[in-house]
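Chemist: One structure is given below, represented as structure tokens, and several questions about it will come after.
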Amino acid sequence: MNAHATIGHNGPPEEIDPLADLTKSIEDAYGEAKVWLDGEAVANQDQADALHVIFTSLDDAYKLAESTRKELKQPHMDAAAAVDGVYSPLRDKADKARNAVKLAIQRWNDHLAEIAEIEAARIRKEAEDAEALAQKQRDEALAANNLTAIEEAEQQFDNAVTLAAMAKKVEKAPTVTRAGGGRGIGKVPMHWVGRIGEGQADRKACLQHYMVAQRDELTVWLQSQVDKDVRAGVRVIPGCSIKEEKRA
């Protein structure tokens, strides 16, 4: 007899660990099944009866493990359902608004991309026209052996190259609105915008600034405007000499 179970003993009962007991019963039954299932078929009724006892032990252990699993898991499932009930509607509401904002931003991005493509196409057309005109002028200048005309044609080629570069720059310019931190579409970021003032003094000051800061680029652009106006029939442009020249 166990010494702890003698008459008059008032000590607490031994603690029972259900998981340890279940684990031991399954391991024992599993070990017995492994011994019996050695690759040989059942040869007689005694072996079948022994296997039936092992099966009953394993079946009882399986049912106990499954019922215990469900019982212990249920409070967690109830808690998870309660959390979902509170936070899922909030998440879904935020997601609905987020998708709507994302769509609005995407439509704006598409609009910007369309504008950029139209502007790039316009500049490309100007570049192609300028190159074709320069080629024609150079051919005529070479045929006439006119050095001045050859220089003017070369200037036209430079103008065409500048316009082509401008078209590529417009095509590559980013038009997609993104949030900070590289997270893609999100809140519209703040950015710096420069606009020329509406007054004549403002335009004059801006022009004087770029006459110094970007003199060559400004000269090329001004020359392209002069060439376009002269081809259109304009004969008086301030600061320009317009004359008729003979060409072969």
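The values are calculated or read from the model by the stated rules, or taken from the named source; none is laboratory data. Keep in mind that this is a model prediction, so the values were computed, not measured. Methodologically, a virtual Cβ is constructed for each residue, glycine included, from the backbone with ideal geometry; neighbour enumeration extends over all protein chains shown.
Chemist: I'd like to verify a number: residues in the stretch 91-125 that are free of Cβ contacts under 8 Å to residues at least 12 places away in the same chain and among the polar types (S, T, N, Q), how many?
Modeler: 1
Chemist: Here is a list: Ala116, Ala153, Ala127, Ala144. Which entry is more than 30 Å from Lys246 (Cα to Cα), aliphatic (A, V, I, L, M) and modelled with pLDDT of 70 or more?
Modeler: Ala116
Chemist: Out of the stretch 205-244, which residues are farther than 15 Å from Asn159 by Cβ and acidic (Asp, Glu)?
Modeler: Listed by number, the list holds a single entry, Glu244.
Chemist: So, one more: Do we have Leu64 as assigned to a helix (DSSP H, G or I), surrounded by 10 or more Cβ atoms within 10 Å (Cβ to Cβ) and touching a helix residue (DSSP H, G or I) at 6+ places or on another chain (Cβ under 9 Å) here?
Modeler: In short, yes.
Chemist: Related question: Can you tell me which residue among Val220, Val234, Val230 is assigned to a loop (DSSP other than H, G, I, E, B) and surrounded by 12 or more Cβ atoms within 10 Å (Cβ to Cβ)?
Modeler: Every option except Val234 fails the conditions.
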